[in-house]
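Enquirer: One structure, pasted below without further comment.
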Amino acid sequence: MKGNSMKSVSLLTLTGVLLLSGCSGNNDNSSGQTESVSESADAGGVADTAPVTFSFFGADTSPNWNNMQDDVGKAITEKTGVTINAEFDVASGGGQSKISLMAASGQYPDLIAAKGELGKLIDAGAILDLTDLIDKYAPNIKALMKDNMNRMKYSVDDPAIYSIPTNVGVGNEYFDSTGGFEVQLRVLKELGYPQIKTVQDFENVLKDYAAKYPATDGQPTIPLLLNGDGWKRMITITDPASNATGAGGDGEYYVDPSTYTAQLHYKRPEEREYFKWLNHMFNEGLLDKDTFVQKDDQYQAKIASGRVLGLISPEWEYGNAENALKSAGQHDKTYGHFPVTLSDQFQSHELQPFGVDGYGISITTACKDPVRAIKFLDWMASEEGQILNNWGVEGKQYTVDSAGKRVIPDDVLNAKVNDNANFSKTTGVQLYTVFSAHYGDGVKDSTGNYYTTNFPEQIEASYSDAEKEALKGYNARTWKDLWPTDLPVKEWGALYNMQVPTDGDYLVLYQKTQDIVDKSIPKVIMTKPEEFDKAYDQFLADLNKAGAEKMEAIYTELVKDRVRLFTGKEIQ
């Protein structure tokens, strides 16, 4: 580790992250054609194509990984000579247990996508500084990241590059939304495509439909379902409190955009009102009574049954259950997406871009050939590598028409939409994004085609008839059309990726406050309405008693340092 006296880790909430979907950065090519690097072997960094195997661990799950025996994986090996011997976190726990064991034992894979646990490995001296390797052997990564090099640096004190961002696309432009508040398409149609802008609108829609249809396929209809199992309570219960009250998604904190002061977002008065609304929903019998006792698989099974009218979650969190509905042909029981807020005085910031700042892939000290490894990662960042990962193999997953436009045939598109898990496993399309930096949606390659398949015409083509009908009912082409636009890029990036000190008091205080949140949020939501304010007051008092204010002061300084690193601003 270079010149950094502060040991650090990242506190990852998995929000959107995993979003997903990637967020727009400070790239001048965000809506146009990129500057391309020659696709020769030398420019792409893969002059040596002799067979080599790199071991890899990914802190995310990857249930469709097929040991590179898919179309894209075979093509990657053919082009580069590289085979990846991969292991992924199977418990969706962000790799915490596995990476802690690595740090303690000193046994590492060649490549690792450590997400929020990267700091542990840096502290253990397990991660290479990639600065010189990128400069000498990675022309594609340099070209791609040219306007965002500072955002790859670890910290103000330690400006080394320990990972290459992979979970966000450079120059990304949102063309669709897959988050917010969800309502089944059959509900929207039955009620004549009602306005859904506030939590009261959302509540009315769920309540009215459930009153008309108290049962679905012989089982009780569930108006609203949330996931309180483990870390997913952040995704569906606590993070939405920020989005619905005009704040950006910054994990457990709210950051004042003027002063950069950070505080636990639960302390905001408007969020208190949001949780009071959830308390009302629970006591009205509209929020599923099992929210805080059921496991994730039970939650997913209820969605897959088709009897859940409403959700508050990004699509990646419940996507497997929704895919089961699609496979069964029950498209009217899938979901539309709405930027719901507490009242019309707020604007949803869920799609606010945070720029190029994401967790990524690293090379460890165990790698015997880091030059070959960085050349492989650089080829994956090349135009050829990105097109292969996003579109698949020409002639199989796409064709090129007489005008030079890439086209996905109808049968391939149907397989992708209706049986996505099998499509992903057999084709490998978009399974290899973790292996390098890449452009985001809306960026065009040297041929004038989009790098990704997420652009308006292709998104619209992928919608089911039921979804197209619903969007027509709202005079929209994609769900994103319902969201506010022109939100500024966050100067502090994605705070779930920010490193925090492992020595001193911070982590102890953080864990204490998280324990209080985990215990208190169910209590304030499930208590009797007349006891809500007392319960919420106690919740806030317990946080401060546990040292929240000291923790917030430490975090505020970290945020300010991050803004200095990313922007060069002088901040008091």
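The values are calculated or read from the model by the stated rules, or taken from the named source; none is laboratory data. Nothing here was measured: the structure is a model prediction, and the numbers come from that model. Don't worry about glycine lacking a Cβ; one is built from the backbone with ideal geometry, like all the others, and counts go over all protein chains shown.
Enquirer: Restricting to the range 103-120, and then to whatever is under 16 Å from G58 (Cβ atoms) and modelled with pLDDT of 95 or more, can you tell me which residue is nearest to the chain's Cα centre (by Cα)? Let's see the steps before the verdict.
Expert: Filtering the range 103-120 down to residues under 16 Å from G58 (Cβ atoms) leaves 108-118, 120.
Next, from what is left, pick out any that are modelled with pLDDT of 95 or more: 108-113.
Working: Y108: 26, P109: 24, D110: 25, L111: 21, I112: 18, A113: 14 Å.
Among them, the one singled out is A113.
Enquirer: I'd like the full set of residues that are in a loop (DSSP other than H, G, I, E, B) and among the aromatic types (F, W, Y), limited to the range 424-443. Write out each step before concluding.
Expert: Filtering the range 424-443 down to residues in a loop (DSSP other than H, G, I, E, B) leaves 428-432, 436-438, 440-443.
Within the range 424-443, just Y432 meets the criteria.
Enquirer: Among the residues of the range 226-274, which ones are among the small types (G, A, S), on the phi < 0 side of the Ramachandran plot and surrounded by 19 or more Cβ atoms within 10 Å (Cβ to Cβ)?
Expert: Filtering the range 226-274 for residues among the small types (G, A, S) gives 228, 230, 241-242, 244, 246-249, 251, 258, 262.
If we keep only those that are on the phi < 0 side of the Ramachandran plot too, we end up with 228, 241-242, 244, 247-249, 258, 262.
Across the range 226-274, the qualifying residues are G228, A241, S242, A244, A247, G248, G249, A262.
Enquirer: Output the residue which, of all residues in the range 437-480 that are modelled with pLDDT of 95 or more and within 16 Å of the chain's Cα centre (by Cα), is farthest from S177 (Cα to Cα).
Expert: Once the filter is applied, the top-ranked residue is A437.
Enquirer: Shifting gears a bit: In the range 186-204, is there at least one residue being among the hydroxyl-bearing types (S, T, Y), farther than 30 Å from S343 by Cβ and in contact with an Asp or Glu (Cβ under 8 Å, 6 or more places away or on another chain)? Before the answer, list the steps.
Expert: Within the range 186-204, the first condition is being among the hydroxyl-bearing types (S, T, Y), and the residues that meet it are 193, 198.
When the remaining residues are screened for being farther than 30 Å from S343 by Cβ, the result is none.
No.
Enquirer: Since A421 meets every condition but one in (1) buried (at least 17 other Cβ atoms within 10 Å of the Cβ); (2) in a helix (DSSP H, G or I); (3) in contact (Cβ under 8 Å) with a residue 60 or more places away in the chain, which condition does it not meet?
Expert: Going through the list (1) buried (at least 17 other Cβ atoms within 10 Å of the Cβ); (2) in a helix (DSSP H, G or I); (3) in contact (Cβ under 8 Å) with a residue 60 or more places away in the chain, A421 breaks only (1).
Enquirer: Right, next: So, in the range 209-223, how many residues would count as being closer than 13 Å to R186 by Cα and among the charged types (D, E, K, R)?
Expert: So the answer is 1.
Enquirer: Now for a different question. So is N323 out of contact with any strand residue (DSSP E or B) (no Cβ under 9 Å at 6 or more places or on another chain) and either under 30 Å from P353 (Cβ atoms) or among the aromatic types (F, W, Y) (or both) or not? Please lay out each step first, then the result.
Expert: On the way: out of contact with any strand residue (DSSP E or B) (no Cβ under 9 Å at 6 or more places or on another chain): yes; either under 30 Å from P353 (Cβ atoms) or among the aromatic types (F, W, Y) (or both): yes.
Judged against the criteria, N323 is a match.
Enquirer: I'd like the full set of residues that are hydroxyl-bearing (S, T, Y) and either over 23 Å from E384 (Cβ atoms) or outside any helix (DSSP H, G or I) (or both), limited to the range 76-109. Talk me through it step by step, then tell me what you get.
Expert: Kept after step one, since they are hydroxyl-bearing (S, T, Y), are these residues of the range 76-109: 77, 80, 83, 92, 97, 100, 105, 108.
The answer is T83, S92, S97, S100, S105, Y108.
Enquirer: Within the bounds of the range 65-83, is there any residue that is surrounded by 18 or more Cβ atoms within 10 Å (Cβ to Cβ) and under 21 Å from Q107 (Cβ atoms)?
Expert: No - not one qualifying residue is present in the range 65-83.
Enquirer: What's the number of the condition T236 fails, among (1) closer than 18 Å to H337 by Cα; (2) touching a His at 6+ places or on another chain (Cβ under 7 Å)?
Expert: (2)
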